[in-house]
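The values are calculated or read from the model by the stated rules, or taken from the named source; none is laboratory data. What you see is a predicted model, and the numbers here were worked out from it, not measured in a lab. Positions of Cβ are backbone-derived with ideal geometry, glycine not excepted, and every protein chain shown enters the neighbour counts.
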Amino acid sequence: MTKKRAFLTAMANGVPDAVPVSPLIHCRFAHKVLGRTDWRAVFEVHQMIGSTHYRGPLGVGVRCTMPEGYRTERQVLFEDGPRRRVRTTHHTPAGSLTCVTESGFVPGDPIISVTTERLIKGPADWRIFLRMQQDWNEHAGGSEFGSVAEAFQTMGEEGVASVGLGGVYAALGEARGMAELMYDLFDCPDVVREVQRTLLAGYRKRIQAFLDSPSEACFYDICWATGSNLGPKLFEAWVAEEVRQACDMVRAVPGKLLSLYTLGKMRALLPIFVEAGPHAIATFDPNQGDVGLREAKRLYGHKIAVMGNLDCVVLARGSIEDCRREALRCLDEAKAGGGYILGTADEVPADTTLDKLKAVVDAAAEEGRYDLQS
């Protein structure tokens, strides 16, 4: 099988000829290796180590011309070498929303950035944000996926030009901050619920843009919810419906696949995930999580594929042989019966090396094959 065919077969919970390997290489590691952060750089790094591209910086869009009264202003507040502090202000007819981000403060990993001032500071800002999203929904229409189409052609059978979908709860968390959002779910639930419903209507347009694109697979990122350790009741109340709608839309189109990207403790949430109907679930983090690959396969392997689990701390701090052993552990826990993609438990850290990633790929090539003749 080609790399793409093996990956898509495993993601659909089938048995490829060998376990696909797809570490989550993103902008940070691509920048370290090649000095670039575009999707081509991510794909080139995969080519260098022999793995399969999935979950790079590719997305789809929806065309929208906002009505009069909307404009965005960016101002550099501080700059010293790679260090930058930038204020972004969204001017709207209902008022202005401002956030501040800082980057370049880690010399060996300059792509890392942090938001020091969030867009939403309280209930009044939620109302402005709501109006902005309502106007976007009214004026948005028509799919845009130029870079995805280009990546689809460039990668061919060597990678999956997957589409990233951030999710509604992620948008709420990005605008407000994870801890502050948790308070708002209890302190001002009515306005947050109204914003959530408005965002969900808009996100259906983005999911449709993926379905209109040539890409076969998307990942729906709910790590804001799982990473903040939402329990089953809160997850059901605030996140489950958006996941169900995304899965229903994708499953309704033959040849399209969806994986859920999660972090943190997920044992109590797995039944909700599986019931929603994704094709695959990632990442089963061995450090922050509370359920391993073996258990996930035993409980739900007949319904979903599993992805991930390779320890990023081992990649960053371990030896080449440690990385090989970690890959063999993952294969031992999840290879049986197919439906497994050997990936990392989170983004590949910038302080790992190509030879460590190559050791993971080589281990899978040696021990991850299936005897399809028997």
Of the residues in the stretch 40-58, those that are surrounded by 23 or more Cβ atoms within 10 Å (Cβ to Cβ) and within 17 Å of the chain's Cα centre (by Cα) come to Val42, Thr52, His53, Tyr54, Arg55, Gly56, Leu58
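Quick check on this structure: which one of Met11, Met66 is of a type outside the set (Phe, Trp, Tyr) and either surrounded by fewer than 14 Cβ atoms within 10 Å (Cβ to Cβ) or in contact with an Asp or Glu (Cβ under 7 Å, 6 or more places away or on another chain) (or both)?
Details: Met11 fails: either surrounded by fewer than 14 Cβ atoms within 10 Å (Cβ to Cβ) or in contact with an Asp or Glu (Cβ under 7 Å, 6 or more places away or on another chain) (or both).
Just a single option satisfies the conditions, and that option is Met66.
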Gln47 passes all but one of the listed conditions (1) over 20 Å from Ser215 (Cβ atoms); (2) in a helix (DSSP H, G or I); the exception is number (1)
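Results for (1) over 30 Å from Phe7 (Cα atoms); (2) in a strand (DSSP E or B); (3) modelled with pLDDT of 95 or more, shown as yes or no for each residue.
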residue: Glu68; (1), (2), (3): yes, no, yes
residue: Thr72; (1), (2), (3): yes, yes, yes
residue: His90; (1), (2), (3): yes, yes, yes
residue: Thr101; (1), (2), (3): yes, yes, yes
residue: Asp109; (1), (2), (3): no, no, no
residue: Leu130; (1), (2), (3): yes, no, yes
residue: Gln134; (1), (2), (3): yes, no, yes
residue: Glu138; (1), (2), (3): yes, no, yes
Subset of the stretch 225-235, residues closer than 23 Å to Tyr54 by Cβ and either surrounded by 23 or more Cβ atoms within 10 Å (Cβ to Cβ) or touching a strand residue (DSSP E or B) at 6+ places or on another chain (Cβ under 6 Å) (or both), comes to Ala225, Thr226
Across the stretch 341-368, the tally of residues that are assigned to a loop (DSSP other than H, G, I, E, B) and surrounded by fewer than 20 Cβ atoms within 10 Å (Cβ to Cβ) stands at 4
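Return yes or no: is Met307 at pLDDT 95 or above and in contact with a Ser or Thr (Cβ under 7 Å, 6 or more places away or on another chain)?
Yes; evaluated as a whole, the condition is true for this residue.
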Going through (1) surrounded by 18 or more Cβ atoms within 10 Å (Cβ to Cβ); (2) touching a residue at least 40 places away in the same chain (Cβ under 8 Å) one by one, Thr37 fails only at (1)
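For the stretch 232-266, how many residues meet the condition of being over 19 Å from the mean Cα position of the chain (by Cα) and not aliphatic (A, V, I, L, M)? Break it down stepwise before answering.
At the first step, the residues of the stretch 232-266 found to be over 19 Å from the mean Cα position of the chain (by Cα) are 232-234, 236-237, 252-255.
Those still in the list that are not aliphatic (A, V, I, L, M) too: 232-233, 236, 254-255.
Qualifying residue count, the stretch 232-266: 5.
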query: Is the stretch 321-330 home to any residue that is touching a Cys at 6+ places or on another chain (Cβ under 6 Å) and within 20 Å of Ala30 (Cα to Cα)?
result: no
Filtering the stretch 150-186 for residues that are hydroxyl-bearing (Ser, Thr, Tyr) and part of a loop (DSSP other than H, G, I, E, B) leaves a count of 1
Counting only residues that are part of a loop (DSSP other than H, G, I, E, B) and over 24 Å from Ala282 (Cβ atoms), the stretch 187-217 contains a total of 1
Report yes if Phe105 is closer than 25 Å to Phe210 by Cβ and not in a strand (DSSP E or B), otherwise no.
no
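Can you name every residue in the stretch 71-102 that is of a type in the set (D, E, K, R) and either under 25 Å from the mean Cα position of the chain (by Cα) or surrounded by 14 or more Cβ atoms within 10 Å (Cβ to Cβ) (or both)? Quick ask: steps written out before the conclusion?
So the first thing to find is which residues in the stretch 71-102 are of a type in the set (D, E, K, R), and the list is 71, 73-74, 79-80, 83-85, 87, 102.
Of everything in the stretch 71-102, those that are of a type in the set (D, E, K, R) and either under 25 Å from the mean Cα position of the chain (by Cα) or surrounded by 14 or more Cβ atoms within 10 Å (Cβ to Cβ) (or both) turn out to be Arg83, Arg84, Arg85, Arg87, Glu102.
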Considering residues that are at pLDDT below 95 and either under 20 Å from Gln134 (Cα atoms) or over 15 Å from the mean Cα position of the chain (by Cα) (or both), the number found within the stretch 207-231 is 4
Within the stretch 280-297, residues farther than 20 Å from Ala12 by Cβ and among the basic types (Lys, Arg) come out as Arg294
